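This report refers to the structure that appears directly beneath it.
The values are calculated or read from the model by the stated rules, or taken from the named source; none is laboratory data. Fair warning: this is a prediction, and the values are worked out from it, not measured in the lab. Please note: Cβ atoms are built from the backbone with ideal geometry, for glycine as well, and neighbour counts cover all protein chains shown. Accessible surface areas use protein heavy atoms only, side chains included; no ligands, DNA or RNA. Shrake-Rupley method; radii C 1.70, N 1.55, O 1.52, S 1.80 Å.
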Amino acid sequence: MKRNGLMTVLAAGFALAASVGAHAQNFPLRPVTLIVPWPAGGSTDVGMRALASAAEKHLRQPIVVENRPGGSGTLGPGQMAATARPDGYTIAQIPITVFRFPFMTKTTYDPSTDFTYIIGVSGYTFGVVVRDDAPWKRFQDLTADAKSNPGKINYGTPGAGTSLHITMEQIARQQGIKWTHVPFKGNAESINALLGGHIHVVADSSGWAQLVNAGRFRLLVTWGVARTKNWPDVPTLREIGIDMVSNSPFGIAGPKGMDPKIVRVLHDAFKQGLEEPSYAAAVANLDQELFYLSSEDYQNFAMRQIEEARRFITELGLGPKQE
């Protein structure tokens, strides 16, 4: 009887292993959901939809984009980590805020253990814009005004803990100024607030591009290593004496425990998507550059970002308030 029981258990184990292996071997058999944790129509949404369209022809299944904005881009990935099965059918864009939020507030996830990192994708072109009728012609004019009038100037970003928020506060600290942060759920909201005169400044990725090109917004500075291709007359922070670079690389991950074979299928499809002319054209319009990382390299990048976040969140005093 004992032997029969043992044989039954072993047989069940072999059957389960065979089932899991077959699932990985045949993946995908249905559409894959890609969570974009930002509102529809913003620069991240536009870029990720272009990538999904480019990659799905190589995956040979549709990639369905689902917008889940909130929590400065952490709500969607956090929900995925908590509820999605590690079968490859639910994945998410991972903004850099995912690595920072656990040091700023209580979160439901641990970025070092609760995700399977699939591929590094791209980075943003960040810049600071004001309305065309604003009094500041240069970024130096803006910082001089902020220094003379502490707290008077307010700026919008896609949320607390984003690279836009962190960098603006680092600039303020370095320049000895104080301005007021106004967080939004995405750049569509902050741009509308600027258009309506509800805020003075927007610090964001290139979702402002059309309004800059139309002459309704003035781009004061960009945050990359070099001047942008689309706005070559606009200086970088370094060129005006502020030694900072910010581009906030991001990628795609799934919940923890994914089969490496499924990770490889997804990685390969998205890597081929990155190389498609349609995606190249989309990111060129956003003035973004590729930041490709393999699954292993993206995992290592994430671990480094977590440690860096631990350090500078403390330095900037953005951690949880002590009772």
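Residues in region 126-139 that are over 28 Å from the mean Cα position of the chain (by Cα) and not charged (D, E, K, R): Ala134, Pro135, Trp136.
Every condition in (1) at pLDDT 95 or above; (2) of a type outside the set (Asp, Glu); (3) in contact with a strand residue (DSSP E or B) (Cβ under 9 Å, 6 or more places away or on another chain) holds for Ala172 except the one numbered (3). Set side by side, the residues Thr143, Thr180, Thr116, Thr167 differ, and just one is closer than 21 Å to Gly70 by Cα, open to solvent by less than 40 Å² (accessible area, probe 1.4 Å) and of a type in the set (S, T, N, Q), which is Thr167. Among the residues of region 201-234 satisfying the criterion of being out of contact with any helix residue (DSSP H, G or I) (no Cβ under 8 Å at 6 or more places or on another chain) and touching a residue at least 60 places away in the same chain (Cβ under 8 Å), which is surrounded by the fewest Cβ atoms within 10 Å (Cβ to Cβ)? For region 201-234, the residue satisfying everything is Gly215. Residues in region 49-73 that are in contact (Cβ under 8 Å) with a residue 60 or more places away in the chain and under 18 Å from Gly254 (Cβ atoms) were compared, and the one that is nearest to the chain's Cα centre (by Cα) is Gly73. The number of residues in region 129-174 being aromatic (Phe, Trp, Tyr) and either over 27 Å from Ile94 (Cα atoms) or without any contact (Cβ under 8 Å) to a residue 12 or more places away in the chain (or both) comes to 2.
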